[in-house]
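Colleague: Dumping the structure here so I can ask a few things about it.
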Amino acid sequence: MHQKNIDYTLFFLVFGLVIFGMIMISSVSVYPSYNVTSRMMELGRIDAPNNWFYLVRNISHVFIASLAFVFFVKFPTEAIERNARAIFVSGMVFLALVLFIGAEYNGARGWISIPYLPFSLQPVEFMKLAIIIYLASYLKRNRALMRSFQQWFVPFFLIMASVMFLIVLQPDFWSVLILGPLCVILYFVGGWSVRYIAIMAAVFAVLAGSVYGLGMHEWPEDRNSFSYVTDRIDNFLADNKTAIANKTINFQTEQGLIAIGSGGFSGVGFGKSLQKFGYLPETQGDFIFSVIAEELGFVGVFVLISIYLGIVYRGFRIARGVEDLFAKYVAVGVTSWIAIQAFVNIGVNLNIIPLTGVTLPFVSYGGSSLLSLLIAVAILLGISRHMRVTSTYAHSYANRDRR
């Protein structure tokens, strides 16, 4: 039998995080909003500065992403599977296009401005979903060739490599931290081979070491595309106390650790963060977790992480309950994407992962991230409603209907 309704537990967990993100952005973005609107006033674009610039834009992001969610939650999974190749090719074209017409920010050319859209689109965010869909289709179609090196693994590896090559050209090395493990997880659930996973791990290690080494090289220019990677890894490898004392740790990481340490068990109180007033950069984006820890303390962080764990549990429950392989792989991919990205962002804030610039799913400010994630969740919820469940779940739903 089919489950008639979407997984409402997953729905409420995700949109609970979206609402929580809006609430936190109303607090953490006060100072950045005032700075941005002050510059806009100097340019004559507005009459007076305000404290709600980022909040208003975030509300518009949520509105647009919610409309997309409503559309895709009703979109047939079979239609997505039929168009998997077209989705992937579109994502690749979009990813390549940004190299020519993309806007540059913090040394990376990864954004495309769309007229009348309240945020710039970041193609790599949508590529995460596109590669999940395409690899899910590829794994299903070529399952019989799973053990073949030339017929299965080589094409699979080339798909991965082509995507990551375009991302590195931006340069955006840190998105590889999401896509690399994501592809390996999909390969694992599709019918893994220890030898092939070892090959992928070895190639990744060699490439990562090469990037780190190139960042250490003395180039004619003051900086090069690899230098920031090397610097961030060096900051990460340094002991926190020693690095802070010697002023060798990244300033943003240092201020994030101070914010987390200031929160204690119950936090300093909502809206009472000190680090958000110019001490900690990107409080509405990459480092919103640090301010959450400062204002809401261990209790708030515990609840937040519990919600992410709940989302991961519901996502893998859906994956386990469906029979269609494409739907199963997509469910695993979307769930793993959320889990990996949340882990990376929180790890960066705790300085257990090098500084990456990865957003906290559903919470951080960022239109492309929120839009792509809500589309992915909509597809996941569509799978939970439309796909056939296994006998165990069918029996439980039948009993529930009788009650």
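Colleague: Given the conditions (1) modelled with pLDDT of 95 or more; (2) crowded, with 22+ Cβ neighbours inside 10 Å, which single one is not true for L309?
Modeller: If we test L309 against (1) modelled with pLDDT of 95 or more; (2) crowded, with 22+ Cβ neighbours inside 10 Å, just (2) comes out false.
Colleague: Against the definition (in contact (Cβ under 8 Å) with a residue 40 or more places away in the chain and not in a helix (DSSP H, G or I)), how does I6 come out, yes or no?
Modeller: yes
Colleague: Would you mention how many residues in segment 231-275 are of a type in the set (A, V, I, L, M, F, W, C), modelled with pLDDT under 65 and more than 19 Å from I346 (Cα to Cα)?
Modeller: 3
Colleague: Specify which of the listed residues (T335, T359) is at pLDDT 95 or above, surrounded by 17 or more Cβ atoms within 10 Å (Cβ to Cβ) and touching a Gly at 6+ places or on another chain (Cβ under 6 Å).
Modeller: One residue alone meets the criteria, T335.
Colleague: Among the listed residues E323, E282, which satisfies the condition of being of a type in the set (D, E) and more than 30 Å from G190 (Cα to Cα)?
Modeller: E282
Colleague: Further, regarding this structure: Which ones in segment 101-125 are exposed (fewer than 14 other Cβ atoms within 10 Å of the Cβ) and either of a type in the set (V, I, T) or modelled with pLDDT of 85 or more (or both)?
Modeller: I101, I114
Colleague: Quick check on my filter: what residues within segment 21-35 are buried (at least 22 other Cβ atoms within 10 Å of the Cβ), hydroxyl-bearing (S, T, Y) and in contact (Cβ under 8 Å) with a residue 40 or more places away in the chain?
Modeller: Of everything in segment 21-35, just one residue is buried (at least 22 other Cβ atoms within 10 Å of the Cβ), hydroxyl-bearing (S, T, Y) and in contact (Cβ under 8 Å) with a residue 40 or more places away in the chain, namely S29.
Colleague: Which number in (1) farther than 26 Å from T356 by Cβ; (2) at pLDDT below 90; (3) assigned to a helix (DSSP H, G or I); (4) not β-branched (V, I, T) marks the one condition that R45 misses?
Modeller: Condition (3) is where R45 drops out.
Colleague: Of all residues in segment 289-345, which are outside any helix (DSSP H, G or I) and touching a helix residue (DSSP H, G or I) at 6+ places or on another chain (Cβ under 8 Å)?
Modeller: Of everything in segment 289-345, those that are outside any helix (DSSP H, G or I) and touching a helix residue (DSSP H, G or I) at 6+ places or on another chain (Cβ under 8 Å) turn out to be V322, D324.
Colleague: Here's a follow-up. Quick one: how many residues across segment 340-368 are on the phi > 0 side of the Ramachandran plot and out of contact with any Asp or Glu (no Cβ under 6 Å at 6 or more places or on another chain)?
Modeller: So the answer is 3.
Colleague: Quick one: in segment 46-100, of everything that is aromatic (F, W, Y) and surrounded by fewer than 13 Cβ atoms within 10 Å (Cβ to Cβ), which residue is farthest from M24 (Cα to Cα)?
Modeller: So, considering only residues that are aromatic (F, W, Y) and surrounded by fewer than 13 Cβ atoms within 10 Å (Cβ to Cβ), the one farthest from M24 (Cα to Cα) is F100.
Colleague: Between W174, W152, which is assigned to a helix (DSSP H, G or I), buried (at least 19 other Cβ atoms within 10 Å of the Cβ) and without any contact (Cβ under 8 Å) to a residue 12 or more places away in the chain?
Modeller: W152
The values are calculated or read from the model by the stated rules, or taken from the named source; none is laboratory data. Here the structure is a predicted model, which is why all the values come from computation and not from measurement. Cβ: placed from backbone, ideal geometry, glycine included. Neighbour counts: every protein chain shown.
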